[in-house]
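The values are calculated or read from the model by the stated rules, or taken from the named source; none is laboratory data. On a predicted model such as this, the values are computed, not experimentally measured, just so you know. Note: ideal-geometry Cβ built from the backbone for every residue, glycine included; neighbour counts use all protein chains shown.
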Amino acid sequence: MRLEFTDQEQAFREEVRAFLQEKLPAQIRDKVLNGYDLSREDHVLWQRSLHERGWGGIGWPKQFQHRIADMVIHLEQARSMSYLVALRCASANLPERRRALSAAKALIGQSARFVGQQAVQLHGGMGMTDELIVSHWFKRLTAAELMFGDSDTHLQRYAALTRE
């Protein structure tokens with residue numbers, strides 16, 4: 001197994017780093033480093049920078065806007081479900097808590113998978129490089145979706161609990 005970069009890979013790595021240093025807007029960098037949500041305008045600005053460099057995602061620009069809208073919808077559904085399950089966890093009714101937790105795990109896991117995959121797609125081949133935080137978040141979302149049973153397992157569990 002070869003663990004070092006070839007000269008060509010190293011040159012590309014340096015090119016990507018130089019591009020990020022030069023073109024990544026400070027407001028986006030600060031939001032990402034501090035864990036804040038990026039606005040639609042932030043995403044559009046960054047995708048335009050990538051597109052100008054020739055690294056734009058597939059389907060620029062119309063599909064990009066629809067893809068981002070779908071990602072925001074999934075994010076908001078997952079966020080709402082997390083609020084709902086937090087309320088249900090205070091219930092003394094054990095079956096209700098179990099149903100709520102399984103429903104939340106299924107929906108949040110599906111949303112995480114969708115958002116992660118779309119984020120990688122929007123960044124093209126760069127989306128899986130270690131230089132972009134997208135790849136790190138995608139790996140974390142994938143691991144979180146699999147922890148304590150994946151979405152499919154919890155969807156089946158929810159269906160069984162609902163039948164009881």
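Side notes on the structure shown:
Let's see how each residue does on (1) over 22 Å from THR162 (Cα atoms); (2) surrounded by 15 or more Cβ atoms within 10 Å (Cβ to Cβ); (3) not hydroxyl-bearing (Ser, Thr, Tyr):
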| residue | (1), (2), (3) |
| --- | --- |
| ASP70 | yes, no, yes |
| ILE73 | yes, no, yes |
| SER80 | no, no, no |
| VAL85 | no, yes, yes |
| CYS89 | no, no, yes |
| ALA92 | no, no, yes |
| PRO95 | no, no, yes |
| ARG98 | no, yes, yes |
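- Filter result (at pLDDT 65 or above, in a helix (DSSP H, G or I), under 19 Å from the mean Cα position of the chain (by Cα) and not aromatic (Phe, Trp, Tyr)) within region 51-71: GLN65, HIS66, ARG67, ILE68, ALA69, ASP70, MET71
- Residue ID - nearest to the chain's Cα centre (by Cα), chosen from residues in region 18-40 that are loosely packed, with under 10 Cβ neighbours inside 10 Å and assigned to a helix (DSSP H, G or I): LEU33
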